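K.L.:
The structure's right below; bear with me while I get my questions together.
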Amino acid sequence: MEATGAEVLVAALRTHGVDTVFGIPGTHNLAVYEELARGGVSCVTPRHEQGAGYAADGYARVTGRPGVALTTTGPGVVNAAAALAQAYSDSTPVLLLSPGVPSDHPRLGRGYLHESKDQSGALDALCAWSHRVTSIREIPAAVGRAFASFAEGRPRPVHVEVPADLLERRGSADLAGPYRLMPRVPDPAALDRAARLLRGARRPAIVLGGGAQRPGDDEPVTGRLAMRLAERTGARVVTTANGKGSVPESHHLCLGATLRLPGVRRWLASCDVVLAVGTELGPADLWEDRFVLPGTLIRVDVDPAQMYGDHVADVPVLADAALALEGLAGRVPETGDAPAPDDRVERERDAELREVARRWAPQLAALREAMPADTVVVGDNSMMSYHGAIVGMPVDPPGRFLFPAGYGTLGFALPAAIGAKVGRPDRPVVVLAGDGALQFSVQELATAVELRLSLPIVVAVNGGFGEIRDEMRRRGMPPVGVDLHAPDLMTLAAAYGACGRVADRPEELGDAVAEALKTPLPTVISFREPG
Ligand SMILES: Cc1ncc(C[n+]2csc(CCOP(=O)(O)OP(=O)(O)O)c2C)c(N)n1
Ligand SMILES: [Mg+2]
């Protein structure tokens, strides 16, 4: 096609099926906005580029389709950086598009608006790759590569920068694709070895991470295959925080997302064969340095680098999770003589869960009761999520629990929930945030009101950074910078045009959420965290 860079960019996006963009307009990206509007692409405007990044991430996590964020040059890009780094950590496909300083801009600088020395270089350090195109012809190739990298291998965020002058200038380019890229097929010999180990295991375990999530599939195929394998081998299944919901947590062989519980880790350390699927086996889930895994380790992953991670694979299976699990289930016949699953771990887990979730149990139970099974729960990096919902609130289908796992950013939940609701308006979505976390992205209440999203935002109020306050206490130091001025959340909600409810008693919390799910506006629901 013969067109401006902006036309080529938007045509390339449309080729790859993009119909929604989360972004903030600015002087340098107006040509892109003009084309998006002309092309009928829906433009959602969060109130900060970090929110745009989280919204794109949340959209991707529930739809299984890449999320697209758009910023202007310079501060807009850097504002989105934390969201891109979070998406990198949790392997979500997010494409950040931005203009950049003009093609002939001297690196030494000349006082150009939003100028920085090397914007793409800054982003390159945080995502899978960041590329500044050098010609209009290159634009479709850069967009195509982004989508190819989401489809093949570990989906991780990328940044494509188009110099501002190229967006306005005319040139020629060829649109190509989208190509249907097939998922990575496992090596049959590796599957044979892995299946032999699983068949002979006395105490097998299956650990599922974010790579086992299939949010786009209405039929959660990896979860079903993993459970079939568990039933045939007598394995128990545990997930990481990022893998929560990849298997139905109500299944009797599933221990839930409880890796952080010491009893569950002791059990894992006693297993003779561990099948780890789509997980880094990283310490962020554990609250301590590293897993002890003396058993034989089978790793299924699309990313070859994982085979050499902290836990080197004894049997590497480089493949798509669903294909590998299908291949393994096919090689482990149902004989009926699988070892009986260990019940002790379940009892220990329950005892520890009661302890960990003690503070949250009544609230979580009331919430679970009030939310339909299909609800997407979006947790922020607050205690209500990591001491509460992750371990203590079961979710069944995939893509129903979103949490900023590895990078652990605050301010994720509200904008990610907006992205989730935009991506799947038919699903109920509920935010769980601490009073500290909420303030990191509270301005996105305006976005949710503007979009008239039915969105309960449950806020646990404890006067500030509770977790950090506890850590300070454990260190024996006085609390510094953690007891924070508390805004009146009801007035705040009203100022944004949102609804508000105080629900200190668990029954009130359940009622408030049920009511909010029927209200065509966001509702801030605050409760005082029990001490
Ligand atoms: C962007 C960012 N800044 C700082 C932190 C460090 N941090 C972790 S938890 C926390 C407190 C969060 O407060 P709140 O959301 O109210 O949850 P609470 O600990 O009170 O449950 C802080 C400051 C972080 N995780 N992310
Ligand atoms: Mg707090």
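The values are calculated or read from the model by the stated rules, or taken from the named source; none is laboratory data. This one's a predicted model, so the numbers in the text were calculated from it and none came from an experiment. So basically every Cβ, Gly included, is an ideal-geometry build from the backbone, and we count neighbours across all protein chains shown.
For every residue, the table says whether it meets (1) within 28 Å of V78 (Cα to Cα); (2) at pLDDT 95 or above.
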site: P157; (1), (2): yes, yes
site: P163; (1), (2): yes, yes
site: G171; (1), (2): no, yes
site: A176; (1), (2): no, no
site: M182; (1), (2): no, no
site: P186; (1), (2): no, yes
site: D217; (1), (2): no, no
site: T222; (1), (2): no, no
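K.L.:
Of all the residues that make up segment 367-395, how many are of a type in the set (A, V, I, L, M, F, W, C), assigned to a helix (DSSP H, G or I) and within 23 Å of I418 (Cα to Cα)?
P.N.:
Number satisfying all stated conditions: 6.
K.L.:
Which ones in segment 385-414 are surrounded by 24 or more Cβ atoms within 10 Å (Cβ to Cβ), of a type outside the set (A, V, I, L, M, F, W, C) and within 12 Å of the chain's Cα centre (by Cα)?
P.N.:
Within segment 385-414, P398, G399, R400, P404 meet the criteria.
K.L.:
Residues of segment 440-462 being farther than 21 Å from E515 by Cα and within 8 Å of ligand 1 (Cβ to nearest atom), which ones?
P.N.:
F440, N462
K.L.:
Residue under question is R473, and the condition is that it be within 16 Å of ligand 2 (Cβ to nearest atom), under 20 Å from F527 (Cα atoms), among the basic types (K, R) and surrounded by fewer than 21 Cβ atoms within 10 Å (Cβ to Cβ); does it hold?
P.N.:
So R473 does not fit the description; no.
K.L.:
So if I check each of P456, P404, which one is in contact with a Phe, Trp or Tyr (Cβ under 6 Å, 6 or more places away or on another chain) and in contact (Cβ under 8 Å) with a residue 40 or more places away in the chain?
P.N.:
P404
To keep it simple, each residue is scored yes or no on (1) touching a residue at least 12 places away in the same chain (Cβ under 8 Å); (2) touching a strand residue (DSSP E or B) at 6+ places or on another chain (Cβ under 6 Å); (3) aliphatic (A, V, I, L, M).
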position	(1), (2), (3)
T296	yes, yes, no
D301	yes, no, no
L325	yes, no, yes
P339	yes, no, no
D343	no, no, no
A361	yes, no, yes
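K.L.:
Separate question: Among the residues of segment 361-369, is any within 17 Å of A516 (Cβ to Cβ), more than 16 Å from ligand 2 (Cβ to nearest atom) and crowded, with 24+ Cβ neighbours inside 10 Å?
P.N.:
yes
K.L.:
With the condition kept exactly as written, say whether any residue in segment 29-52 is assigned by TED's automatic domain parsing to the domain that holds A148, at pLDDT 95 or above and within 24 Å of G153 (Cα to Cα).
P.N.:
no
K.L.:
Using the structure shown, decide if D396 is away from ligand 1 (no atom under 11 Å from the Cβ) and at pLDDT below 95.
P.N.:
Here the answer is yes, as D396 does meet what is asked.
K.L.:
While we're here: Have a look at P178, P183 and point out the one that is under 25 Å from G5 (Cβ atoms), outside the structural domain of R61 (by TED's automatic domain parsing) and surrounded by fewer than 16 Cβ atoms within 10 Å (Cβ to Cβ).
P.N.:
The unique qualifying residue is P178.
K.L.:
Next up: Take the residues in segment 491-531 that are aliphatic (A, V, I, L, M) and touching a Lys or Arg at 6+ places or on another chain (Cβ under 8 Å), then tell me which one is farthest from ligand 1 (Cβ to nearest atom).
P.N.:
If we take residues in segment 491-531 being aliphatic (A, V, I, L, M) and touching a Lys or Arg at 6+ places or on another chain (Cβ under 8 Å), then L521 is farthest from ligand 1 (Cβ to nearest atom).
K.L.:
Any residue at all in segment 280-296 that's out of contact with any Phe, Trp or Tyr (no Cβ under 8 Å at 6 or more places or on another chain), under 18 Å from L328 (Cα atoms), polar (S, T, N, Q) and not in a loop (DSSP other than H, G, I, E, B)?
P.N.:
Looking for residues that are out of contact with any Phe, Trp or Tyr (no Cβ under 8 Å at 6 or more places or on another chain), under 18 Å from L328 (Cα atoms), polar (S, T, N, Q) and not in a loop (DSSP other than H, G, I, E, B), one finds at least one in segment 280-296, hence yes.
K.L.:
Hey, another quick one. Filter segment 424-443 for residues that are farther than 19 Å from R501 by Cβ and away from ligand 2 (no atom under 16 Å from the Cβ) and give the result.
P.N.:
Those that are farther than 19 Å from R501 by Cβ and away from ligand 2 (no atom under 16 Å from the Cβ): R424, P425, D426, R427, Q443.
K.L.:
Then there is this: Residue check: is F440 aromatic (F, W, Y) and closer than 19 Å to V377 by Cβ?
P.N.:
Here the answer is yes, as F440 does meet what is asked.
K.L.:
Where the second residue is outside any helix (DSSP H, G or I) and among the basic types (K, R) and the first is touching a residue at least 24 places away in the same chain (Cβ under 8 Å) and lies in segment 486-514, which pairs have Cβ atoms under 7 Å and are six or more apart or on separate chains?
P.N.:
D504/R528; A512/R501
K.L.:
Could you pull out every one of the strands (runs of 3 or more DSSP E) wholly within segment 22-134 that has 2 or more residues that are in contact with a Ser or Thr (Cβ under 8 Å, 6 or more places away or on another chain) and within 22 Å of G216 (Cα to Cα)?
P.N.:
42-44, 67-70
K.L.:
Given (1) part of a loop (DSSP other than H, G, I, E, B); (2) more than 13 Å from ligand 1 (Cβ to nearest atom); (3) at pLDDT 95 or above, identify the lone condition not met by T409.
P.N.:
(2)
K.L.:
Report yes if some residue within segment 343-359 is within 16 Å of ligand 2 (Cβ to nearest atom), closer than 21 Å to V502 by Cβ and outside any loop (DSSP other than H, G, I, E, B); otherwise report no.
P.N.:
Taking every residue of segment 343-359 in turn, none turns out to be within 16 Å of ligand 2 (Cβ to nearest atom), closer than 21 Å to V502 by Cβ and outside any loop (DSSP other than H, G, I, E, B).
K.L.:
Can I ask one more? Which of the numbered conditions does I457 fail, given that it passes all the others? Conditions: (1) surrounded by fewer than 24 Cβ atoms within 10 Å (Cβ to Cβ); (2) outside any helix (DSSP H, G or I).
P.N.:
(1)
K.L.:
Picking from R501, R427, which residue would you name as being over 20 Å from the mean Cα position of the chain (by Cα) and of a type in the set (D, E, K, R)?
P.N.:
It is R501.
K.L.:
Filter segment 297-312 for residues that are part of a strand (DSSP E or B) and either of a type in the set (A, V, I, L, M, F, W, C) or surrounded by fewer than 20 Cβ atoms within 10 Å (Cβ to Cβ) (or both) and give the result.
P.N.:
L297, I298, V300
K.L.:
Just one of the numbered conditions (1) surrounded by fewer than 24 Cβ atoms within 10 Å (Cβ to Cβ); (2) without any contact (Cβ under 8 Å) to a residue 60 or more places away in the chain; (3) more than 25 Å from L438 (Cβ to Cβ) is not true of A81; which one?
P.N.:
Tallying (1) surrounded by fewer than 24 Cβ atoms within 10 Å (Cβ to Cβ); (2) without any contact (Cβ under 8 Å) to a residue 60 or more places away in the chain; (3) more than 25 Å from L438 (Cβ to Cβ), A81 fails exactly one: (3).
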